[in-house]
Amino acid sequence: MFELLGIPPQALFGQLLLGLINGSFYALLSLGLAVIFGMLNIINFAHGAQYMMGAFTAFLLFNWLGIGYWGALILAPILVGITGVIIERLFLQRLYQLDHLYGLLLTFGLALIIEGIFRNLYGSSGLQYAMPDILRGGYNLGFMFLPTYRAWVIVFSLVVCLSVWFVIERTRLGAYLRAATENPTLVRAFGINVPRMVTLTYGFGVGLAALAGVMAAPIYNVSPQMGADLIIVVFAVVVIGGMGSIMGAIVTGFSLGIVEGLTKVFFPEASNTVIFVIMAIVLLLRPAGLFGRRA
Amino acid sequence: MAQVAERLTAPAGRSSLSRSEIVAFVLMVGVLVIAPAFVYPLFLMKALCFAIFACAFNLLIGYVGLLSFGHALFFGWASYLSAHAAKVWGLPPELAILTGMAAACGLGIVAGALAIRRQGIYFAMVTLALAQMMYLVAVRAPFTHGEDGIQAVPRGVLFGVFDLSNAMTMYFVVLAVFLVTFLLIYRIINSPFGEVLKAIRENEPRAISLGYRTDRYKLMAFVLSATISGLAGALKAIVFQLASLTDVNWPMSGEVVLMTLVGGLGTVFGPVVGAFTIIAMQNYLAEFGQWVTIIQGTIFVACVLLFRRGIVGEIAHFFRIRL
């Protein structure tokens with residue numbers, strides 16, 4: 001089972017591609033978690049539910065208003081991001097003085113509510129979401145078949161991730177954000193509206209989750225529980241990478257997707273547990289995470 | 001968590017029973033002894049099993065300040081192991097339950113040793129991820145019978161004397177186990193060991209500087225909590241003659257957090273009250289289906305925003321007593 005030559009290249013590259021797709025979602029979601037954690041010091045347990053909301057928003061935009069994939073790609077993150085802003089203003093804002101764990105508990109409760117509402121309205125079975133026509137079909141690369149939509153997901157999420165990295169690490173706005181993460185009081189003294197920045201950061205992180213949801217909608221079924229299991233894997237990704245670095249979150253997300261894909265080829269029984277096993281190993285060898293700063 | 005607990009520690013006579021605690025304990029025992037005359041015993045047994053579970057969980061969050069989001073791991077795997085031991089190996093109930101507890105203890109040592117390497121929020125994520133991993137193992141392992149679970153587990157005859165197929169006998173055995181566990185946990189948190197745990201909760205660097213190996217204390221507390229959670233799961237498997245994936249999946253980890261939060265983190269009686277509240281709610285709202293999840297989520301949000309002390313914590317605060 002472990003010999004490379006025994007595996008047909010079709011299967012190997014096919015799984016590698018699936019791994020990269022999963023990796024794109026891990027990267028987008030863990031990036032959002034890291035951005036939120038940096039500013040709010042809260043682990044957003046509702047992240048999976050908000051990813052699901054993104055997929056549902058795309059689905060509903062099409063069925064109610066006839067707005068297709070490209071419109072949804074822009075509108076869904078904004079709409080879900082606005083719900084994030086409301087959540088931050090109504091609830092999260094009251095928790096910053098308390099133990100960080102309360103933020104986790106509150107967002108867990110929110111995730112239960114959101115998922116419960118969608119399950120009430122749309123049942124547990126998955127709904128189909130059509131792929132845009134341009135992205136149908138695929139290319140025969142000789143050694144494998146590359147569906148256009150999957151290539152698009154990988155390229156687009158890579159672009160989104162790198163843009164986020166660029167904005168945070170290389171622009172003035174990003175400098176304010178990083179400064180406010182380090183010392184909010186001082187940044188406030190310079191006349192920057194930090195509470196508004198915090199609110200918008202949460203909205204932005206939530207929007208990223210919704211964007212991932214829209215991208216996932218044509219590949220996976222749109223269902224209320226699509227985010228719940230994914231978010232636990234993303235938590236493991238975040239523990240492995242550490243939340244100190246934006247680039248760390250991106251690299252860890254993509255590489256764990258690839259590792260998962262390869263495990264599916266060589267050792268299929270372990271494919272859905274491999275990320276947790278890697279997490280355990282990282283905890284033993286580098287407790288702070290691969291890119292983490294020591295507390 | 002710290003601010004919850006501070007108000008609850010009476011200034012004098014910390015390690016001896018306070019009068020309010022004695023009164024509350026006698027009241028609790030009295031209610032539970034006469035309750036089966038009025039309430040369906042199976043409901044009471046379920047609530048008592050979850051009360052044990054929540055007390056074990058509270059030992060960790062209330063007294064060490066560690067939030068585990070993966071306690072279903074110990075509860076669920078212990079229930080599988082004890083069900084398997086009782087049904088397939090044909091062990092008597094006491095040995096079946098011990099098998100489950102031993103499994104939970106072993107898992108607790110491994111999961112605890114990994115999880116205490118990270119603090120705070122990461123601790124919660126690590127425990128959740130480890131529990132999810134073992135959930136996926138349970139889905140695949142042949143002996144758990146996947147979606148069906150282990151059904152028709154024999155209740156057996158305890159110590160060769162008490163026939164547990166009788167509902168009343170079963171109830172009083174569960175009650176006895178609950179009371180012994182409750183007192184054991186009370187003893188733990190009021191022992192010198194428990195005082196060190198509280199010191200870690202309040203200020204871990206200070207505890208380290210005083211020479212305590214805090215990691216050992218944390219691991220010890222984690223393993224104790226895991227083992228007692230295992231007792232709860234194993235007992236539940238014997239009572240309901242069933243071990244299923246529900247008990248090992250993440251919503252179960254969330255439920256025990258909710259029970260403890262509703263009752264009052266870091267209070268002795270809180271988890272018991274919380275467990276009875278949530279189980280009663282599930283019982284009476286069962287017909288509303290999906291609404292149960294939404295209501296549970298709403299309770300979570302309300303507890304965090306409005307009453308972080310929980311039911312028992314609020315009562316204790318109002319009357320300025322220890323509970």
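Given a Förster radius of 41 Å and the C-beta distance between B:PHE288 and A:ILE74 as r, what FRET efficiency does 1/(1 + (r/R0)^6) yield to the nearest 0.05? Computed FRET efficiency for B:PHE288 and A:ILE74: 0.65.
Using a 10 Å cut-off around each Cβ, can you sort A:ARG286, B:ARG216, B:ARG155 from fewest to most neighbouring Cβ atoms? Spell out each step's value before the answer.
On the way: A:ARG286 14, B:ARG216 11, B:ARG155 21.
Exposure proxy ranking, most exposed first: B:ARG216, A:ARG286, B:ARG155.
Full extension of the chain segment joining A:GLN97 with A:THR171 gains 23.7 nm, where the gain is 0.36 nm per residue of separation less the Cα-Cα distance. Under the simplified labelling scheme, the A:ALA179-A:LEU284 pair shows an inter-label distance of 4.5 nm, with each label point 7 Å from Cα along Cα→Cβ.
Loop-only check: which trypsin sites (Lys or Arg not before Pro) in the stretch B:11-112 are DSSP coil with at most 16 other Cβ within 10 angstrom? Before the final figure, lay out the partial values.
Values: sites: B:ARG14, B:ARG19, B:LYS46, B:LYS87; in loops: B:ARG14.
Answer in residue order: B:ARG14.
By counting other Cβ atoms within 10 Å of each Cβ, how are A:MET226, A:MET52 ranked from fewest to most? Display every interim value, and only then the final one.
Values: A:MET226 23, A:MET52 30.
Lowest to highest Cβ neighbour count: A:MET226, A:MET52.
Equivalent-ellipsoid semi-axes for the protein assembly as shown (Cα gyration tensor, √(5λ), whole Å, largest first): 42, 29, 23. Placing dummy labels 7 Å off each Cα toward the beta-carbon, the span from A:TYR122 to B:HIS145 is 3.5 nm.
Below 28 Å, Cα to Cα, which lysines can B:LYS236 reach? Residues fewer than 8 away in the same chain don't count. Within the straight-line limit of under 28 Å, B:LYS236 reaches these lysines: B:LYS46, B:LYS87, B:LYS218.
Sorting the segments B:67-73, B:159-165 by their mean number of nearby beta carbons within 10 angstrom, highest to lowest, gives B:67-73, B:159-165.
For chain B, a crude dipole built from +1 on the beta carbon of Lys and Arg and -1 on the beta carbon of Asp and Glu, taken about the Cα centre, is about 820 debye to the nearest 20.
Contact order, relative form, for chain B: 33 percent (alpha carbon pairs under 8 Å, 6 or more residues apart, mean separation divided by residue count). Each label was represented as a point 7 Å from its Cα along the Cα-to-Cβ direction; for A:ASN193 and A:THR148 these points are 4.3 nm apart.
Where in the stretch A:26-53 does the label zone of A:VAL159 land, with the point 7 angstrom along Cα→C-beta and an amide N cut-off under 17 Å? A:28, by backbone N distance to the label point. The charge dipole of the stretch B:211-323, taken about its Cα centre with unit charges on the Cβ of Lys, Arg, Asp and Glu (plus for the first two, minus for the last two), comes to roughly 540 debye.
None of the figures in this text is laboratory data; all of them are computed from the coordinates on show. Being a predicted model, the structure only gives us computed values, none of them experimental. Reconstructed Cβ throughout: ideal geometry from the backbone, glycine too, with neighbour counts over all protein chains shown.
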